[in-house]
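See below for the structure under consideration.
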Ligand SMILES: Cc1ncc(COP(=O)(O)O)c(C=O)c1O
């Protein structure tokens, strides 16, 4: 008798409707902003960050005269305190140091940056540690739009994610804040009405993200191969392109030649290389973070974007070879 009644209730719940109609399942609201830094600021404002709160950031954050610091400016603007956890020379999270900083400061927010589109191999563990210490987690996906939305390899472990659309699509501005399900509904409601919100005059979905992601991966893969004969002078920061990673640029380490000289010569010759980041913010001092400064001095980022024709990659590596050999 008992068995048949529990079977009846099971069949009652296990039904399948013809189409999905539940409005909250897998919802991930997006709020548009002028850029990623404004999205970050809106989040900090909504959480009412002040001088009483501490934010823990990775110790690789750049600054430039024209652009300031996309990651650090919002932290200063809301007047929060900050500290940094170490990264290795390969930009990997130093989990031991992350633990120490979490224990020492009990930050309210921890930021993880998926540099150049590559989420850290230890991201899940790092997020778990941050949560164990009661912190809110922000994934900075300024470089990881496609690694998140096309491949799904990042962006869902944190409470929120910021995106810099103008770095990945042919526009001068545009940012998103993605609000994950772990955020309280009241915070989500407030953020959807943020006074900093700025609807975009273009629709990012007018572009074929899948094809853009495929082109970026193909370009990065080709560059890895083309660079192999000069790896003693220019070596990729990441030697392989793991499944799902969609690069913003391909970071390389320039040894045996001045990075700045190479940067200027390549740009003079029409190849738009950048160095993210050539100058670190003052709060990240070389004595405390020598590896971050070593990286800032040697890194160069090669373009892999969707406009590139493959033959131009060969021409770019030819120029690189000529200069460093
Ligand atoms: C890792 C990272 N996060 C955030 C930002 C800020 O992006 P945006 O220029 O869209 O404000 C930048 C660039 O400045 C960045 O490199």
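The values are calculated or read from the model by the stated rules, or taken from the named source; none is laboratory data. Computed from a predicted structure; not experimentally measured. Neighbour counts run over all protein chains shown; Cβ positions are idealised from the backbone, glycine included.
Does residue 205 meet the test of being in a helix (DSSP H, G or I) and free of Cβ contacts under 8 Å to residues at least 24 places away in the same chain?
On the way: in a helix (DSSP H, G or I): yes; free of Cβ contacts under 8 Å to residues at least 24 places away in the same chain: yes.
Yes: the conditions hold for residue 205.
For the range 79-97, which positions are outside any helix (DSSP H, G or I) and surrounded by fewer than 19 Cβ atoms within 10 Å (Cβ to Cβ)? Of everything in the range 79-97, those that are outside any helix (DSSP H, G or I) and surrounded by fewer than 19 Cβ atoms within 10 Å (Cβ to Cβ) turn out to be 79, 81, 83, 88, 89, 90, 92, 94. Within the range 273-293, being more than 16 Å from the ligand (Cβ to nearest atom) and under 21 Å from the mean Cα position of the chain (by Cα) holds for 289, 291, 293.
Within the option set 249, 279, 321, 239, being in contact with a helix residue (DSSP H, G or I) (Cβ under 8 Å, 6 or more places away or on another chain), closer than 26 Å to residue 154 by Cβ and touching a residue at least 40 places away in the same chain (Cβ under 8 Å) holds for one residue only, 249.
Yes or no, residue by residue, for (1) modelled with pLDDT of 95 or more; (2) buried (at least 22 other Cβ atoms within 10 Å of the Cβ); (3) within 16 Å of the ligand (Cβ to nearest atom); (4) not in a loop (DSSP other than H, G, I, E, B):
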site	(1), (2), (3), (4)
139	yes, yes, yes, yes
142	yes, yes, yes, no
152	yes, no, no, no
155	yes, yes, yes, no
197	yes, no, yes, no
200	yes, no, yes, no
210	yes, no, no, yes
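The set of residues in the range 58-78 that are crowded, with 20+ Cβ neighbours inside 10 Å and closer than 20 Å to residue 48 by Cα comprises 70, 71, 72, 74, 75.
Applying the criterion of at least 3 residues that are surrounded by fewer than 15 Cβ atoms within 10 Å (Cβ to Cβ) and on the phi < 0 side of the Ramachandran plot to the helices (runs of 4 or more DSSP H) found wholly in the range 220-325 leaves 259-268, 310-324.
Would you say residue 32 is part of a helix (DSSP H, G or I) and either within 20 Å of residue 120 (Cβ to Cβ) or in contact with a helix residue (DSSP H, G or I) (Cβ under 9 Å, 6 or more places away or on another chain) (or both)?
On the way: part of a helix (DSSP H, G or I): no; either within 20 Å of residue 120 (Cβ to Cβ) or in contact with a helix residue (DSSP H, G or I) (Cβ under 9 Å, 6 or more places away or on another chain) (or both): yes.
Judged against the criteria, residue 32 is not a match.
All of (1) surrounded by fewer than 18 Cβ atoms within 10 Å (Cβ to Cβ); (2) closer than 19 Å to residue 117 by Cα hold for residue 192 with one exception: (2). Checking each residue in the range 77-96 for being within 14 Å of the ligand (Cβ to nearest atom) and either without any contact (Cβ under 8 Å) to a residue 60 or more places away in the chain or within 17 Å of residue 175 (Cβ to Cβ) (or both) picks out only 77. What do you reckon, is residue 121 within 17 Å of the chain's Cα centre (by Cα), farther than 25 Å from residue 286 by Cα and part of a loop (DSSP other than H, G, I, E, B)? So residue 121 fits the description; yes.
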